[in-house]
Number of protein chains: 2
Amino acid sequence: MTADRERTGPAWGTFLELEPSAGGPLHTRLTRALRTAVTSGRLAAGSALPASRALAADLRCSRWVVTEAYAQLVAEGYFEARSGSATRVRAHAGASVRGDARAGEDRWTPRFDLLPGVPDLRAFPRKRWADMVRAATTELTWDELGYPDAAGLPRLRRQLASYLVRGRGARVETGQLVVCAGTLDGVMRLCRALRAAGHTRVAVEDPGWTQLRLTVAAAGLTPVATPVDEHGLRVDVLRGTPDVRAVIVAPAHQFPTGVVLSPARRAELADWAREVDGLVMEDDYDAEFRYDRHPVGALQGVAPDHVALLGSLSKTLSPAVRLGWIAAPERWTAALTSKDTGGTPPPVIDQDAFTRFVSSGSYDRHLRASRLRYKRRRDHLLHELAARLPGQAVSGAAAGFHLLLPLKDCPADAVVEEAARADVRLARLDDYRATEATGGTPATSTLVVGYGNLTDQAVPGAVQRLAHAIAHVRAGARGH
Amino acid sequence: MTADRERTGPAWGTFLELEPSAGGPLHTRLTRALRTAVTSGRLAAGSALPASRALAADLRCSRWVVTEAYAQLVAEGYFEARSGSATRVRAHAGASVRGDARAGEDRWTPRFDLLPGVPDLRAFPRKRWADMVRAATTELTWDELGYPDAAGLPRLRRQLASYLVRGRGARVETGQLVVCAGTLDGVMRLCRALRAAGHTRVAVEDPGWTQLRLTVAAAGLTPVATPVDEHGLRVDVLRGTPDVRAVIVAPAHQFPTGVVLSPARRAELADWAREVDGLVMEDDYDAEFRYDRHPVGALQGVAPDHVALLGSLSKTLSPAVRLGWIAAPERWTAALTSKDTGGTPPPVIDQDAFTRFVSSGSYDRHLRASRLRYKRRRDHLLHELAARLPGQAVSGAAAGFHLLLPLKDCPADAVVEEAARADVRLARLDDYRATEATGGTPATSTLVVGYGNLTDQAVPGAVQRLAHAIAHVRAGARGH
């Protein structure tokens, strides 16, 4: 073991950049990290790779993960394996394989995809959308085919304002609306504006959507992880955090816990924002999809001068459309489209197509149909879970399209790995926790089970495999 | 005059942010600046505006510009004018008018638009594009409707690589290609990557495309204006500039001078990039449209390890499509799509539609037809200019879709203003000069005349009005 350790060196764990599990199971991520190390030149041609057992120990994963990754890279021509000797990086590996056919090849497309955050892509209204794009392409004026308005197509901004007032209880005028490419683009623009205004730190929910943290950091601000409990964001902790006057929060349906910000906390948060003259970035993540409870209006409607409401079509139509919006307090809107801190507007043709989609009533119809579809699928999923995993607690199922399974006596990471072997992709709650120790929520053994992009027919099979994976891991744990 | 000065105060000139003339004639820009001052609260309700003569003196413009702006804002309800008293900001002006109908209203749509950089929007192949979008929307796989590949759709990247090799003499493999939203988005990503790698300054051409300078600054780097002469970028000046290892340059057709980087300078620039181990960002601006000379291959083909080639559809199809690409040296590609320094990819549907547009041969056909159309229009324009402005020198007309008119004994800014009154929009060469004094090109009195988005029928009328404006200004200058 000591010899192995020496050959591996302590560097491997940090040398390989393994992304969070949204990038696929561990063996896929390891494959990708090793491949990148080769193509970037950090792993030189001819270098010997550590023995699989040694690297597995260093990365604290099973040996299978490493052998699987090595085998894949041998198959791709990056590595060569000779019996009786170490696996090595092939000469000219980078040069010979960087070419075209391989672009995008490492996207794992599992048979059962239970990752959260992806809507039902099969329900994308292809024909209706193509009709709207055709009408837009045909009827846009010549001028409108030129450089687009930085804040977005005026008629779309009007439609969105009226939609947000009507559907989300927001208090918005058209002048406050900026069309962007999605929630992360909106957060990026707001963070750049905050930075230009002297902010240095932005609070984010912990656990929370990892990309939000990364976006805050990419804008040059420090994300400050702030814990979430069963009532939502801990506003008392936020209040005690120095130098923070901005926060990103998902009041309607926190990701990934599924918690709704309680009325008391909403009031507290609005008070805080007014007191510090700060900005709440309200991620209106899947607020459209509620099943068992009353709709939750946007926090923006309560404190319109201190809340920027963010929304997008990524969860309601498809992430392929790349359209979103920011309804910001007026003093921030100019910065959201400025040359210094703003961004580029989405294609005008798509903006016009979506305007038509909303004004024709198609969007409302699509949302209603989606809500029914997800509710039916969720009920089906709950039924199968009750049958296959009797006694298993479930939480966060009242809205959105994922739920949580807190496991007992069973490590969630092992279940995720085991499920991946059965072609099932899912995530752990702890994948969405900030790595910094900030007094956040304690470590859990909880699975996040998404059902947005799962066909109805696949529900029983997915649950069966998941139940097998859990049983397998439990048996293994008992076997030790 | 002293009293006026006092009432105006010296602040107005700096208080109002008048954008460069790309934003329309001076009275439109002043209207916008005043309106923004009201809506942002910087000009409080009830405030008295300075007398038109005083403000005109302070802004060094004609009084007509000010009275025109005041009249417009009275009409819009922002200002109120009472006879015998100063024009004032109306009470609640911001609140009552910020609403919807006004969004985007201040875009001036002149009858004759001679601003450079806009292609012939009337030639946008609406039907063909709508067909491609329909095919894409119908045939994309379910998976492809999910979160898009950060580097772009793999088959589009393959198409673009082969197109750039074939059409631009580039040396590119698919792995080096990143699909982005356009040239500025590409420059922004490259600049963020440069900044992350420790760069602090980026050289830009002077005169040059203003947006490039702004984008460099928005990425947190200092743009360093570097002069351009009749052989293109002054590489000797670049070489003498400390702490600069990156430059943005348009070798095929410099904007706005129209100069082609000479073979000697190309070699010098490639040598410089290798010596400092730097990065040349090659803006392949309208390289597709050459009329009287041999095609100029991309500089990237000469020094592929130190040149990132940038292109977009904004000049060849329409800025409304918002699609572009970066072919970068391999060590930069990861940063262009990373969560920290990258950006979001354009909509997958549009990426797939453009893939089809290229692979069906439609793009090549569209480029050929455009080249012929622009050449015919240029010839027509040159003919009209020779007839209406005999003896007037013309330069930069061998490629692209704008040309330069160096004026003698006639201030270009006055001509731009006078032409605006006749509903003709055009720009001055000096609008594109960096404001910093960096030993750049000396001040000129040169007009930039774009003909991309001018109908063929409008050519005689536009030239007639322009000739009148020049004659009017010359007569006024002699009258003094």
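For chain B, take the longest principal axis of its alpha carbons; what is the angle in degrees between that and the long axis of helix B:362-388, to the nearest 10 within 0 to 90? Compared with the principal axis, the helix lies near 40 degrees.
Can you work out the FRET efficiency for the pair A:Asp229 and A:Asp277, with r the C-beta to C-beta distance and R0 = 35 Å, to the nearest 0.05?
Here the calculated transfer efficiency is 0.85.
Nearest 10 degrees, 0 to 90: what angle lies between the long axis of helix A:183-196 and the longest principal axis of chain A (Cα atoms)? Roughly 80 degrees, rounded to the nearest 10.
Whole number please: convex hull volume per residue of the Cα set in the protein assembly as shown, in Å³? Please list the in-between numbers first.
Values: hull volume 170.6 nm³, N = 960.
Given the Cα convex hull of the protein assembly as shown, per-residue volume reads 178 Å³.
Which is the longest part of chain B that has none of the trypsin sites (Lys or Arg not before Pro) sitting in a DSSP loop with at most 13 other Cβ atoms within 10 Å?
Details: sites that count: B:Arg42, B:Arg60, B:Arg82, B:Arg111, B:Arg293, B:Lys408.
Answer from the scan: B:112-292.
If you look at the Cα atoms of the stretch B:126-360, you get an Rg and a Dmax of 17.4, 55 Å.
Give the interface area between chains B and A as buried accessible surface, both sides summed, probe 1.4 Å, in Å² to the nearest 100. Intermediate values should be presented prior to the final figure.
Details: alone 21400 and 21380 Å², together 37120 Å².
Roughly 5700 Å².
Could you tell me whether chain B comes out rounded, prolate or oblate from its Cα gyration tensor? Rule is a ≥ b ≥ c as square roots of the eigenvalues, rounded for a/c under 1.5, then prolate if a/b exceeds b/c, otherwise oblate. List each step's numbers first, then the result.
Working: a/c = 1.62, a/b = 1.49, b/c = 1.09.
Because a/c hits 1.5 or more and a/b exceeds b/c, chain B counts as prolate.
Measure nothing but the geometry: give the 0 to 90° angle between the long axis through the Cα atoms of B:263-275 and the longest principal axis through the Cα atoms of chain B, rounded to 10°. Computed tilt is about 80 degrees. When only alpha carbons are used to place a centre, the stretch A:318-339 and the stretch B:211-251 end up 31 Å from one another.
For A:Thr138 and A:Thr36, what is the calculated FRET efficiency with R₀ set at 56 Å and r taken between the beta-carbons, to the nearest 0.05? Present the calculation step by step, with values, prior to reporting the outcome.
On the way: r = 44 Å, r/R0 = 0.79.
For R0 = 56 Å, the calculated efficiency reads 0.80.
The values are calculated or read from the model by the stated rules, or taken from the named source; none is laboratory data. Remember, predicted model here, so these are calculated numbers, not experimental data. Reconstructed Cβ throughout: ideal geometry from the backbone, glycine too, with neighbour counts over all protein chains shown. Areas reflect the complete protein model, heavy atoms only, side chains present, ligands, DNA and RNA absent. Shrake-Rupley method; radii C 1.70, N 1.55, O 1.52, S 1.80 Å.
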